[in-house]
Amino acid sequence: MLKLVVIEDEFRTRETIINIIKIECPEIDVVGSGSDVESGIDVINTFQPDIILIDVQLSDGNAFDILKNSAVHNSQVIFVTAHEEYALQAIKFSAFDYILKPFSKAELTGAIMRAREAVLERASDVSIKTLLDNIDSKEDKKIVLKSTDDIHLVSISDIIRCEADSSYTHFFLTDGSQITISTNLKEYDELLGNYNFFRVHHSHLVNLNKIVKFRKGNSGHLLMTDGSEVPVSSRKKERLIEKFNSL
C-alpha cells in the first residue's frame, strides 16, 4: 500500500481530502498530515511518503519551502492551489499534477491515481529536481518530456520546434534528436508561449530564437536552424511579424 501525506493549512479542506482518500482510494494509506511549513517538513521526513498532497500557499510560507528542506526522493507531488500562476507554470513544466480549488471528488481521486502510477514508475525524482531548478533559475528553464520508454530532461533553449501529429507532439532539438510524447500541441503552446515560442500554424510551434529566415508570400515558410522548413498560416503572418519586431 502506498503512503500519502496531506499538507494543507485549512482544517476543513484538509479533513475533506483525507476522508475522500480513505473512502475512494483504499489502496492509499494516509499516514500523516501537516498544516504549515514546519509540520510539513516533519511529516515528510518522518513518513517518507510515496505521494505528497500539498497546498501551494500556506500561512507561513509555501510548498516549495517544504520541498527544498525535506528529504523528498521518490515521492510524487500533487499541488492544491487557488491561484499562484507562477507556481502553476513551474508545476506544469516539471510534469507535476495540480488541483485547482474548489475541486471535485473526481478531480482529487483522478490526480491521486495518476500520482500512484507515476510513483510505481519511479519517475518523480527527476521531476522534483527539475521543479526546484525551475523555481530557482532565472534562465535556462528545463522541461520534463516523457516518451514511451524514457524520461527526458530538456532545456527549453534546446528546443527548435514542436510539431503536432494527431494526439502526439514531436520535439526537434538542437542536437538533431527528436522526442515524441503522447500529449497534444495545445498544452505546450500554453506552456512555452512566455519563452519566445509562437504557434505559426495549427500543427507547428517554433522557437523564435531558432528562426533563420522568413520566406513571405502566399504560402509563407520559416527556415529553422536545423534546416527544416515550417509553414506559416496566413492568419498568423501579421502576428509573427509583430513578434519579430519585439525580439
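The values are calculated or read from the model by the stated rules, or taken from the named source; none is laboratory data. Keep in mind the model is a prediction, meaning the values are calculated, not measured. Here Cβ is always computed from backbone atoms with ideal geometry, including for glycine, and neighbour counts include all displayed protein chains. Only protein heavy atoms, including side chains, enter the accessible area calculation; ligands, DNA and RNA are left aside. Shrake-Rupley method; radii C 1.70, N 1.55, O 1.52, S 1.80 Å.
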#### Entry: Solvent accessible area, Å² - Glu24, 1.4 Å probe, full protein context
90
## Note on the structure
Phi-derived 3J(HN,Hα) across the stretch 179-184 with the Karplus relation (6.51, -1.76, 1.60, θ = phi - 60°), rounded Hz, x for Gly and Pro, is 10, 10, 10, 8, 9, 6
### Task
Mind grabbing the base-10 log of I(q)/I(0) for the stretch 1-65 at q = 0.12, 0.19, 0.27 Å⁻¹? Debye formula, identical points on the C-alpha positions, no solvent, two decimal places.
-0.26, -0.64, -1.17
### Task
Set the Förster distance to 35 Å, then compute FRET efficiency between Asp226 and Leu132 from the Cβ-Cβ distance, nearest 0.05.
0.70
### Task
Go through (1) 7, 31, 33, 20, 7, 2, 0; (2) 7, 31, 37, 19, 5, 0; (3) 7, 29, 29, 19, 12, 4, 0 and flag the label whose value is the computed P(r) over Cα pairs in 10 Å bins from 0, in percent for this structure.
(3)
#### Entry: In Hz, Karplus ³J(HN,Hα) per residue of the stretch 32-48 (6.51, -1.76, 1.60; θ = phi - 60°; x = Gly, Pro)
x, 8, x, 10, 7, 4, 4, 5, x, 4, 5, 5, 5, 5, 6, 9, 6
### Query
Between the stretch 26-43 and the stretch 169-224, what's the alpha-carbon centroid distance in Å?
41
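Starting from the exponent 0.38 and prefactor 2.2 Å, build the expected Rg for the stretch 139-212 from its residue count and divide its actual Cα Rg by it. It would help to have the intermediate numbers written out before the result.
Working: Rg = 11.2 Å, N = 74, 2.2 N^0.38 = 11.3 Å.
Rounded to two decimals, the normalised Rg is 0.99.
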### Ellipticity estimate at 222 nm from DSSP helix runs (n ≥ 4, -39,500 (n - 2.57)) divided over the chain, nearest 500
-11000 deg cm²/dmol
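Work out how much length Glu121 to His83 would gain on full extension: take 0.36 nm times their residue separation and subtract the Cα-Cα distance, in nm to one decimal.
Net length gain for the segment: 10.7 nm.
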### Message
How much of the DSSP bridge set in the chain is antiparallel, in percent, rounded to the nearest 5?
### Response
60
#### Entry: Net charge of neighbours whose Cβ lies under 14 Å from the Cβ of Lys3, counting Lys and Arg as +1 and Asp and Glu as -1
-1
### Summary
Sorted by chain and number, the residues with a modelled amide H under 5 Å from that of Ile99, at a separation of 5 or more or across chains, are Phe79, Val80, Thr81
### Message
Test of understanding: express the Cα radius of gyration of the stretch 165-247 as a ratio to 2.2 N^0.38 Å, with N the residue count.
### Response
1.06
